[in-house]
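I have placed the structure first, in the form of structure tokens, so that the comments after it can refer back to it.
The values are calculated or read from the model by the stated rules, or taken from the named source; none is laboratory data. Keep in mind that this is a model prediction, so the values were computed, not measured. Cβ atoms come from the backbone with ideal geometry, glycine included; neighbour counts cover every protein chain shown.
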Amino acid sequence: MTPRVRAPELPQNYPWLNIEKPLSLKQLKGRVVILDFWTYCCINCLHILPDLKYLEQKYKDSLTVIGVHSAKFDNEKETENIRQAILRHDIEHPVLVDSGFRVWQQYAVRAWPTLMVIDPEGYVISSVSGEGHRQVLDELIQKVISQHQEKGTINFQELNLTLEKQRKPFITPLAFPGKVLATQASLFIADSGHHRIVMSDFHGEIIHLIGTGQSGLTDGSFSEAQFFAPQGMVFDKENQILYVADTENHALRRVDLKRQVVQTITGTGTQSRNIHPHSSSGRETALNSPWDLQKIGNSLYIAMAGSHQIWEMDLETGIVRTYAGRGAEACLDGALIESAFAQPSGITTDGQELYIADSEVSSIRGVGLVEPRQVRTVCGSGDLFGFGDVDGQGFDVRLQHCLGVEYAQNDLWVADTYNHKIKLINPHTGYCQTVLGDGSVGLQDGKGKNTRFSEPSGLSVMGSHLFIADTNNHAIRRVDLHTLTVTTQEFPDLCAPDVCIPHE
């Protein structure tokens, strides 16, 4: 008989979020406990949040989920940044900040995400790593509850939580804007935390609010349509069509500005588990967290963060296919199908190559559009743990979880997200230099490096201005490229969806 392993007690002197006081396994005796070892940069960790929410709601009187945040990147070690991630992803269970990987080591965890299941008597009875375990966990929890009901060792009662969103209600006009797109006539903002697209002019006057502000996957008029944490966008000026990467719906949406309707063109609304290169009709093809878009001719290129690939959609035929990346999470250069990416989250082009902000390897990648179509690393270490904040050239450059990239006038602007900086990179030489931001978190206008951002994630250049989606500041910043002066864009008539009457 295998000896039972008692779960190590949880530290009481570490920061805890979403709860008034630290929790101990001793006080949770009589309940099933799941420890979710996660880090907020990790797309796989984000993918299991809906599963955990489902289980928490189904077994709310007998199951406690505790997120154990064991940070990968330096920026993720800051408690305030973890609090922002909890708000951004609407996490409603207690989160323990696992400083120095202490709890991770005590539980012998080796990968993000890992789930540890603890029975009502305080013993570890199962662990699973990766995604897609909802049904297995559901069946296990049912079985454990049934067994412990018979033994009389289950304690049915709901746990009272003090959520971060209750402590500080969230009513900013923008909420965690992920991407911004500047066109000749207007600005489009992916108001990701409010599940909508904001269209304004350059003075901040609202032209359209697209989406109800509630998460969902609904086509229809601008006032009926629903999105779920939309991110990247690209605009077809000739046809007045905005394409949107509807990230948490695992779908692409087509916004017709003339007819003022939203339509799903690719995705089934469920996450794909298929990482092998394949192709099929758009509406029948499940996607995996599409994060950003680039249009060239009749092709829509997709940074598919969830499957670590670049995809292509033919807008004439509706066929969508894997363009580059074998599906492994890594940094491998070479032929398209042999290459590998790591959570690509930004995409732009000069017409000859696609340029990718490859976030988990903190690198900028180039993907050929003409023969001999090759993938290369423009700058960055290309290593999953090779991050930092170092300007320089090629493989000597260190970025930290870069999420945005924009090609303009022979250079690449990069949102070096976890360094809270904007950098400029020569796509041919790989030379990288910091242009904006002093590296500290803040909301500070000014010039050049005498400015501050908080996890900027999206960039767009129009004429002599650069627009920045300054995600954790819930703001859009505007940069005069002649003087490098940064100002914060005002939107006088914009407010949170549940605070004011929708704009007509």
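For segment 325-380, the set of residues classified as under 22 Å from Leu300 (Cβ atoms), under 22 Å from the mean Cα position of the chain (by Cα) and charged (D, E, K, R) consists of Arg326, Asp358, Arg365, listed by residue number. State whether the residues of segment 65-87 include one that is surrounded by fewer than 21 Cβ atoms within 10 Å (Cβ to Cβ), farther than 28 Å from Leu399 by Cβ and among the acidic types (Asp, Glu). No, every residue in segment 65-87 fails to be surrounded by fewer than 21 Cβ atoms within 10 Å (Cβ to Cβ), farther than 28 Å from Leu399 by Cβ and among the acidic types (Asp, Glu). Residues of segment 75-103 that are more than 24 Å from Ser192 (Cα to Cα), at pLDDT 95 or above and out of contact with any strand residue (DSSP E or B) (no Cβ under 6 Å at 6 or more places or on another chain): Phe101, Arg102.
Looking only at helices (runs of 4 or more DSSP H) that lie completely in segment 19-134, which have at least 3 residues being farther than 27 Å from Asp191 by Cα? Steps first, please.
Details: elements: 43-47, 49-58, 79-88, 102-106.
Hits in segment 19-134: 49-58, 102-106.
Within segment 460-486, how many residues turn out to be among the polar types (S, T, N, Q), more than 15 Å from Gly446 (Cβ to Cβ) and assigned to a strand (DSSP E or B)?
The total comes to 1.
In the condition set (1) within 30 Å of Lys295 (Cβ to Cβ); (2) crowded, with 18+ Cβ neighbours inside 10 Å, Ile154 is compliant with all but (1).
Among the residues of this structure, Ala303 counts as one that is within 21 Å of the chain's Cα centre (by Cα), closer than 19 Å to Cys42 by Cα, in the same structural domain as Gly366 (by TED's automatic domain parsing) and among the hydrophobic types (A, V, I, L, M, F, W, C). Residue count for segment 238-285 satisfying the condition of being assigned to a loop (DSSP other than H, G, I, E, B), of a type in the set (Gly, Ala, Ser) and more than 14 Å from Gln309 (Cα to Cα): 2.
I'd like the full set of residues that are under 22 Å from Cys402 (Cα atoms) and hydroxyl-bearing (Ser, Thr, Tyr), limited to segment 294-351. Across segment 294-351, the qualifying residues are Tyr301, Ser307, Tyr323, Ser339, Ser345, Thr348, Thr349.
For residues that are among the aliphatic types (A, V, I, L, M) and within 24 Å of Asp389 (Cβ to Cβ), scanning just segment 480-504, find the one that is surrounded by the most Cβ atoms within 10 Å (Cβ to Cβ). Spell out the reasoning first.
The initial filter retains those residues of segment 480-504 that are among the aliphatic types (A, V, I, L, M), namely 481, 484, 486, 494, 496, 499, 501.
Filter again for within 24 Å of Asp389 (Cβ to Cβ), leaving 481, 484, 486.
Values: Leu481: 15, Leu484: 17, Val486: 24.
The selected residue is Val486.
For Glu205, the conditions (1) under 21 Å from Ile347 (Cβ atoms); (2) surrounded by fewer than 20 Cβ atoms within 10 Å (Cβ to Cβ) all hold with the exception of (1). Filtering segment 397-422 to residues that are closer than 19 Å to Asp74 by Cα, among the polar types (S, T, N, Q) and either in contact with a Phe, Trp or Tyr (Cβ under 6 Å, 6 or more places away or on another chain) or not in a helix (DSSP H, G or I) (or both) leaves only Gln400. Within segment 32-90, being farther than 27 Å from Ile275 by Cα and of a type in the set (Lys, Arg) holds for Lys58, Lys60, Lys77, Arg83.
Could you list, in sequence order, the residues of segment 385-396 that are touching a helix residue (DSSP H, G or I) at 6+ places or on another chain (Cβ under 6 Å) and either within 20 Å of Gly306 (Cβ to Cβ) or outside any loop (DSSP other than H, G, I, E, B) (or both)?
Listed by number, the list is empty, since nothing qualifies.
For segment 285-303, the criterion of a residue being within 24 Å of Val375 (Cβ to Cβ), among the charged types (D, E, K, R), buried (at least 19 other Cβ atoms within 10 Å of the Cβ) and in contact with a strand residue (DSSP E or B) (Cβ under 8 Å, 6 or more places away or on another chain) is satisfied by at least one position.
Which number in (1) surrounded by 24 or more Cβ atoms within 10 Å (Cβ to Cβ); (2) in contact with a strand residue (DSSP E or B) (Cβ under 6 Å, 6 or more places away or on another chain); (3) not acidic (Asp, Glu) marks the one condition that Tyr407 misses? The one condition Tyr407 does not meet is (1).
Filter segment 461-479 down to the residues that are touching an Asp or Glu at 6+ places or on another chain (Cβ under 6 Å) and of a type outside the set (D, E, K, R), then identify the one that is surrounded by the fewest Cβ atoms within 10 Å (Cβ to Cβ). Full working, then the answer.
So the first thing to find is which residues in segment 461-479 are touching an Asp or Glu at 6+ places or on another chain (Cβ under 6 Å), and the list is 461, 471-472, 477.
If we keep only those that are of a type outside the set (D, E, K, R) as well, we get 461, 471-472.
Numbers: Val461: 18, Thr471: 28, Asn472: 22.
The extreme case among them is Val461.
Taken over segment 429-476, residues that are closer than 20 Å to Gly346 by Cβ and basic (Lys, Arg) amount to 0. Outside any strand (DSSP E or B) and either hydroxyl-bearing (Ser, Thr, Tyr) or under 28 Å from Asp51 (Cα atoms) (or both), is that true of Gln231? Here the answer is yes, as Gln231 does meet what is asked. For the criterion of being among the β-branched types (Val, Ile, Thr) and in contact with a helix residue (DSSP H, G or I) (Cβ under 8 Å, 6 or more places away or on another chain), Ile86 passes. Restricting attention to segment 35-44, the residues that are in contact with an Asp or Glu (Cβ under 9 Å, 6 or more places away or on another chain) and closer than 30 Å to Gln147 by Cα total 1.
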